[in-house]
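Presented below is the structure to which this report refers.
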Amino acid sequence: MRKRSENIRDKLLPAGAFALILLIWWALSASGIIPGFMLPSPWDMISALFRDFPNLMTHAWVSIQEAVYGLLIGVLLAFGLACAMDRFGMLEKAVLPLLVVTQTIPTIAIAPLLVLWMGFGMAPKITLVVITTFFPVAVGLLDGFKSVDPDAVALLRSMNATRWQIFRHVKIPASLPFFFSGLRVSASYAVVGAVISEWLGGFEGLGVYMTRVRKAYAFDKMFAVILLIVIVSLLLMKLVNVIKTAAMPWLKYRKETDGTQRKTV
Amino acid sequence: MELLRTENISKSYSGRMILRDISMHLEKGELVSLLGLSGSGKTTLLNILSGLIRPDTGSVYLSGAEITGQPGHISYMLQKDLLLEHKRVIDNVALPLIIRGMKKEEARKRAEPCFRDFDLEGTQTLYPSQLSGGMRQRAALLRTYLGSQGVILLDEPFSALDMITREQLHAWYLDIMSRMGFSTVLITHDVDEAIQLSDRIYLLTGSPGEIHHEIRVDCPRNTRQDFNLLPEFAAYKRQIRDILQEAMRTSNAAG
Ligand SMILES: Nc1ncnc2c1ncn2[C@@H]1O[C@H](COP(=O)(O)OP(=O)(O)OP(=O)(O)O)[C@@H](O)[C@H]1O
Ligand SMILES: [Mg+2]
């Protein structure tokens with residue numbers, strides 16, 4: 001019972017905070033403290049979202065495609081590299097510091113380069129998403145592989161398991177929680193990465209829409225597209241969580257630590 | 001019939017000798033204990049028997065064939081149960097069969113009838129985190145049994161359990177050993193446990209660890225249940241305690 005009321009409280013608190021911020025925002029714009037053309041009211045934002053809905057959806061679809069393709073490619077690359085680094089310690093020593101350095105290069109600085117190299121199509125956007133999503137997943141997986149109990153590996157070795165069997169039965173499952181934490185972070189970067197790269201050139205996408213409405217000083221539409229980006233990002237993270245729950249069904253039983261659910265000897 | 005034999009096994013780690021000249025053997029159907037104080041090299045010896053590590057010198061034979069440094073011949077239960085939390089119990093216990101290349105369905109079919117023997121009926125589709133301590137131990141023992149070709153190595157399998165559960169498992173283990181007809185090398189630092197379960201006890205003493213004493217425990221399996229309440233049990237206990245104390249005195253005097 002206690003758990004349930006805690007659960008409700010955990011949902012109510014952020015909802016309350018969110019409502020409060022909306023209220024303050026509305027008060028600021030409605031009272032005219034901040035002029036309406038600079039800070040549209042929440043209501044203006046929502047109505048802009050619905051007025052321009054079909055157009056926004058066309059652009060969103062492009063951004064979502066870039067984000068998802070980029071994320072998928074990023075994850076595949078990360079998986080390949082993490083496996084290789086786990087297998088060959090030398091590779092990890094050589095490559096990991098380089099990877100860390102690349103993470104300090106701001107996305108916004110590489111984006112124009114990518115556009116110059118690859119043109120105005122989807123390619124530079126997807127590439128940028130790959131670059132931003134690759135790292136959290138790779139590092140998560142690498143940490144996951146290291147989290148494996150060496151005794152579990154010894155057990156498998158005593159059964160004369162091959163390196164691949166040890167990988168498949170012990171290392172991969174143990175690294176899944178780390179992988180999914182990384183993937184969640186990456187999913188939140190993916191949409192933002194796509195949008196930022198669209199700012200710098202292109203014909204479609206939420207980033208392109210954003211630059212257009214900015215030039216027209218359409219603040220309500222500006223806010224509407226920000227809201228849409230937030231929603232899309234949250235949905236993508238939610239999707240990751242759904243996949244995570246499906247991929248690790250055994251975690252459901254972890255929480256029953258009070259003993260009442262256990263069978264006795 | 002002799003199943004397992006070691007000849008003059010020695011092992012050093014970074015110049016420090018851990019085991020010296022260990023020669024021991026295991027007969028078919030026997031339970032033999034390696035009894036030694038903490039840090040005497042018991043786990044190291046089992047790692048060598050299982051083929052996980054190579055001895056510096058000496059050899060291990062299984063049914064006459066040399067298997068020194070070759071894993072996969074002798075089934076080994078390490079100091080923890082090491083059930084994989086992401087696999088259901090049936091897939092955990094069938095793991096050694098799958099590692100050997102058996103198809104998953106076939107391995108499950110092989111494992112299935114053993115659940116009754118190991119008192120695990122109904123746990124097949126549960127995850128390890130849903131089992132009690134005693135059940136986890138029996139599941140790990142079943143996995144070890146399914147991977148075995150007659151010889152099982154156990155590294156302190158009962159030490160983490162409470163006294164009642166442990167005594168129940170002791171009786172159960174001797175029974176299942178006789179029924180399924182396998183043989184066991186058991187590591188323990190618990191003198192009572194060694195006497196209660198063993199047909200023979202090797203005392204691993206000193207540093208480096210050596211075997212100077214072998215004690216045969218004369219008590220048929222079917223009267224083992226209350227063995228620890230008999231005077232003979234106390235006599236064995238006294239004998240072993242004296243040897244261990246003497247060994248400690250000499251090693252203290254030497255060091
Ligand atoms: N890989 C290793 N490298 C260096 N020293 C080791 C290694 N493995 C074990 N040792 C040392 O060998 C000695 C014996 O270790 P071992 O684990 O075999 O003892 P044990 O009898 O199993 O002890 P316990 O009862 O605590 O399990 C210890 O002093 C330990 O520090
Ligand atoms: Mg040990």
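Just to confirm a number: summing +1 for Lys and Arg and -1 for Asp and Glu over residues other than A:His59 whose beta-carbon lies under 13 angstrom from that of A:His59, what do you get? In short, -1.
Counting, for every residue in B:69-80, the Cβ atoms of other protein chains within 10 Å of its Cβ and taking the mean gives 3. Relative to the dominant Cα principal axis of chain B, helix B:133-146 is inclined by about 90°.
Would you mind giving the mean number of other chain beta-carbons within 10 Å of the Cβ of each residue in B:123-129, as a whole number? Before the final figure, lay out each step's value.
On the way: counts 1, 0, 0, 4, 6, 2, 10.
Per-residue shielding by partner chains comes out at 3.
Between segment A:167-217 and segment B:1-67, the alpha-carbon centres lie 56 Å apart. Heavy atoms of the protein chains alone define the surface here; on that basis chain A has 58 Å² accessible area per residue at 1.4 Å probe size. Mean partner shielding of peptide B:87-100, defined as the number of other chain Cβ atoms within 10 Å of each residue Cβ, is 3.
Close lysine pairs were tallied over chain A: pairs 8 or more places apart or on different chains with Cα atoms under 17 Å apart number 11. Normalised by 2.2 N^0.38 Å, with N the number of residues, the alpha-carbon radius of gyration of the protein assembly as shown equals 1.35. For the pair B:Thr223 and A:Ser47, label points projected 7 Å from Cα toward Cβ lie 9.8 nm apart. Pairing chains B and A buries close to 2500 square angstrom of accessible surface in total, based on protein heavy atoms and a 1.4 angstrom probe. Per residue, the solvent-accessible area of segment B:120-255 (1.4 Å probe, heavy atoms of protein chains only, all protein chains present) comes to 43 Å². Taking chain B as a Gaussian network, where each spring joins two C-alpha atoms under 10 Å apart, which residue of B:Leu141, B:Leu161, B:Leu34 fluctuates the most? In this elastic network of chain B, the residue with the biggest mean-square fluctuation among B:Leu141, B:Leu161, B:Leu34 is B:Leu161. Distance distribution P(r), segment B:13-138, all Cα-Cα pairs, bin width 5 angstrom from 0: 2, 9, 16, 17, 16, 15, 13, 8, 4, 1, 0 percent.
For n ≥ 4 DSSP H runs only, could you compute -39500 (n - 2.57) per run for chain B, divide by its residues and tell me the 222 nm figure to the nearest 500? Roughly -11000 deg cm²/dmol at 222 nm, from the helical runs in chain B. For segment A:23-87, taking Cα atoms only, Rg and Dmax work out to 21.0, 63 Å respectively. The label-point distance for A:Trp26 and A:Leu116, in a model that sets each label 7 Å from Cα toward Cβ, rounds to 4.9 nm.
Using the Cβ-Cβ distance between A:Thr162 and A:Arg254 with R0 set to 22 Å, the FRET efficiency from 1/(1 + (r/R0)^6) comes to roughly 0.15. With N as its number of residues, segment B:44-100 has a Cα radius of gyration that, divided by 2.2 N^0.38 Å, comes to 1.33. For the pair B:Glu2 and A:Tyr217, label points projected 7 Å from Cα toward Cβ lie 10.0 nm apart.
Based on the Kirkwood radius over alpha-carbon pairs, what value in µm²/s does the Stokes-Einstein equation return for the translational diffusion coefficient of chain A at 20 °C and 1.002 mPa s?
Working: Rh = 21.6 Å.
In µm²/s, the coefficient rounds to 99.
Over segment B:177-255, the Kirkwood radius and the radius of gyration, each from Cα atoms, give a ratio Rg/Rh of 1.02.
Rounded to the nearest 500, the helix-only mean residue ellipticity at 222 nm of chain A stands at -26000 deg cm²/dmol, with each DSSP H run of n ≥ 4 adding -39,500 (n - 2.57).
With the contact rule set at Cα under 8 Å and sequence spacing of 6 or more, what percent relative contact order holds for segment B:69-130? All intermediate terms of the calculation are to be shown ahead of the outcome.
Details: 39 pairs, mean separation 27.6, N = 62.
Relative CO of segment B:69-130 lands at 44 percent.
Compared with the dominant principal axis of the Cα atoms in chain B, helix B:163-180 is inclined by about 80°. Normalised by the number of residues in chain A, the average gap of Cα pairs under 8 Å and 6 or more apart makes the relative contact order 24 percent.
Taking only protein heavy atoms and a 1.4 Å probe, the accessible area of chain A is 71% carbon and sulfur. The equivalent ellipsoid that matches the C-alpha gyration tensor of segment B:97-226 spans semi-axes of 28, 17, 15 angstrom, in descending order.
Hydrodynamic analysis of chain B uses the Kirkwood radius over alpha carbon pairs. Inserted into Stokes-Einstein at 20 °C and 1.002 mPa s, it gives a translational diffusion coefficient of 113 µm²/s.
Run the accessible area of segment B:157-255 with a 1.4 Å probe and give the carbon-and-sulfur part as a rounded percent.
Working: 2600 of 5090 Å².
Whole-percent figure for carbon plus sulfur exposure: 51.
Taking the C-alpha atoms only, the angle from helix B:231-254 to the longest principal axis of chain B is near 60 degrees.
Find, among the chymotrypsin sites (Phe, Trp or Tyr not before Pro) in segment A:56-135, those assigned to loop by DSSP (not H, G, I, E, B) with at most 12 other beta-carbon atoms within 10 angstrom.
Details: sites: A:Trp61, A:Tyr69, A:Phe79, A:Phe88, A:Trp117, A:Phe120, A:Phe134; in loops: A:Phe88, A:Phe120.
Here the chymotrypsin sites (Phe, Trp or Tyr not before Pro) that fit, given the DSSP loop and packing criteria, are A:Phe88.
Where in chain A are the DSSP H helices whose C-alpha atoms run 15 Å or more along the long axis and whose mean Kyte hydropathy is at least -0.5? For chain A, where a helix must reach 15 Å along its axis and average at least -0.5, the hits are A:2-30, A:53-87, A:89-102, A:107-118, A:123-146, A:172-199, A:219-247.
Which stretch or stretches of segment B:213-241 have amide N atoms under 17 Å from the point lying 7 Å from B:Arg249's Cα along the Cα→Cβ direction? In segment B:213-241, the label zone of B:Arg249 (backbone N under 17 Å from the point 7 Å along Cα→Cβ) covers B:238-241.
The values are calculated or read from the model by the stated rules, or taken from the named source; none is laboratory data. Since the model is a prediction, treat every value here as computed from it, not as a measurement. A quick note on method: Cβ atoms are made from the backbone with ideal geometry, for glycine too, and the neighbour counts reach across all protein chains shown. Only protein heavy atoms, including side chains, enter the accessible area calculation; ligands, DNA and RNA are left aside. Shrake-Rupley method; radii C 1.70, N 1.55, O 1.52, S 1.80 Å.
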